[in-house]
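First the structure, in the form of structure tokens, and then the observations on it.
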Amino acid sequence: AREDLIEVQESVRNRPPEFAIVPYLGTRGTHRRPVYIECVQDAVIIQPEGVRIAMDDFGGIIGPGNPLDAALRTIREFYRTTGGGGVPYPLLVVRPEGTSSYGVARAAMRTWDDEFGYELIDANLELKFAKENQSLAEELEKAIALARRRQAALAQAMPSAYGRGRGNMSYVASRTGGFVAADSNDEQINQIGSFGQSN
């Protein structure tokens, strides 16, 4: 038994630590269910379901009904009908290489009419999420697939609007807050720095 204990202690000691991002439940916190949206280099991943939305899925114009917007509405409806404790709270978890996908996610969430948050984390930080809900994952896959088809139909109907910048959108920080397309004519663009870069 002593040898078994030593072996377990060694395996725990050598295992990289795992971290969980949990909502703050204090007087200024939230009791709402968090929806983790992990922003990585080429996608956003809805956790803990592991549902991936690639940057290419957003097309050249990010409007209502885009895949992330559809996913958030699906999550809201799922927990409303299953008694999930109020409106979900989207939390953008941003990896260092995910700053562009963070900008796309913010633009895609433009119609989200409630609060959300974000957290910056290291590239190699291992996160521990709750167990995925398989029923929700299936609903998300259906909603995102439908949103992709609608985006493709819009792109065919308006090729000049959707063809420009498809697949390599770039965003910079705006002086008024948030992000704008790098090729925008918005005079408020901060030409000096962008999210995730030091000046």
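The values are calculated or read from the model by the stated rules, or taken from the named source; none is laboratory data. Just so you know, these numbers come straight off a predicted model, no measurement behind them. All Cβ positions, even for glycine, are placed from backbone atoms using ideal geometry, and neighbour counts span all protein chains on display. The accessibility values were calculated without ligands, DNA or RNA, using every heavy atom of the protein model including side chains. Shrake-Rupley method; radii C 1.70, N 1.55, O 1.52, S 1.80 Å.
Values as computed for the structure displayed
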| item | result |
| --- | --- |
| Meets criteria (closer than 18 Å to Ile62 by Cβ, of a type in the set (Lys, Arg), loosely packed, with under 15 Cβ neighbours inside 10 Å and at pLDDT below 80) for Arg149 | no |
| Residue list for the stretch 67-94, filter: in contact (Cβ under 8 Å) with a residue 40 or more places away in the chain, out of contact with any strand residue (DSSP E or B) (no Cβ under 6 Å at 6 or more places or on another chain) and not in a helix (DSSP H, G or I) | Gly84, Gly85, Gly86, Val87 |
| Output for the stretch 103-137, where each listed residue is part of a helix (DSSP H, G or I) and open to solvent by 100 Å² or more (accessible area, probe 1.4 Å) | Gln134 |
| Checking Phe58 against (1) open to solvent by 50 Å² or more (accessible area, probe 1.4 Å); (2) under 23 Å from Met158 (Cβ atoms), the condition it does not meet | (1) |
| Selection status of Ala155, in a helix (DSSP H, G or I), in contact with a Phe, Trp or Tyr (Cβ under 7 Å, 6 or more places away or on another chain) and modelled with pLDDT under 90 | yes |
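One line per residue, one yes/no per condition, for (1) part of a loop (DSSP other than H, G, I, E, B); (2) more than 16 Å from the chain's Cα centre (by Cα); (3) at pLDDT below 80:
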site: Glu10; (1), (2), (3): no, yes, yes
site: Ile21; (1), (2), (3): yes, no, yes
site: His31; (1), (2), (3): yes, yes, yes
site: Val35; (1), (2), (3): no, no, no
site: Val44; (1), (2), (3): no, no, no
site: Arg52; (1), (2), (3): no, no, no
site: Gly65; (1), (2), (3): yes, no, no
